[in-house]
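Asks: Input: one structure, supplied below.
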Amino acid sequence: MEADRRVSTADYEAFLASKRLVVPPQGIDVNADELPAMLFPWQRAIVQWALRKGRAALFTSTGTGKTGIGLSWASRIADRSLIVAPL
C-alpha cells in the first residue's frame, strides 16, 4: 500500500514562499507631479512603479498608452535609453 502523500495547505504555502524571488528596487523615486501631464493617473502609477524598480517589463493591453508610458520612463531613468520593439 502506498503511504498517505497529502500535503497540508500550510506546508504548501511555506514551499511556495521559499520559491518566491524578491528583487530589491534599483531605480529612482519620482513624485507623480513630476511626470508628464498627458498621462492618466493610472499611467503615472505604472511609470512610478517602473522607475522605482529600475528594470521592469510592462505588459499592458492594447490602447493603454504604452508609448507614453515607455517614453516617460525612458526620459527619467537614464541620460540615454534604448527601447526595442519587435515587429
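Asks: Carbon-plus-sulfur fraction of the accessible area of the chain, 1.4 Å probe, in percent?
Replies: 58 percent
Asks: For R20, R6, R76, what's the largest-to-smallest order of accessible area, 1.4 Å probe?
Replies: R6, R20, R76
Asks: Let me ask something else. Using Cα atoms only, what is the angle between the long axis of helix 66-77 and the major principal axis of the chain, expressed in degrees (0 to 90) to the nearest 10?
Replies: So the inclination is approximately 80 degrees.
Asks: Taking semi-axes √(5λ) of the Cα gyration tensor in Å straight from the coordinates, which label in (1) 39, 15, 14; (2) 28, 21, 13; (3) 22, 17, 11 is the correct one?
Replies: (1)
Asks: Hey, can you find the accessible area per residue of the chain for me, probe 1.4 Å, expressed in square angstrom?
Replies: 86 Å²
The values are calculated or read from the model by the stated rules, or taken from the named source; none is laboratory data. What you see is a predicted model; the values in this text were computed from it and never measured. Calculation scope for accessible area: heavy atoms of the full protein, side chains included, ligands and nucleic acids excluded. Shrake-Rupley method; radii C 1.70, N 1.55, O 1.52, S 1.80 Å.
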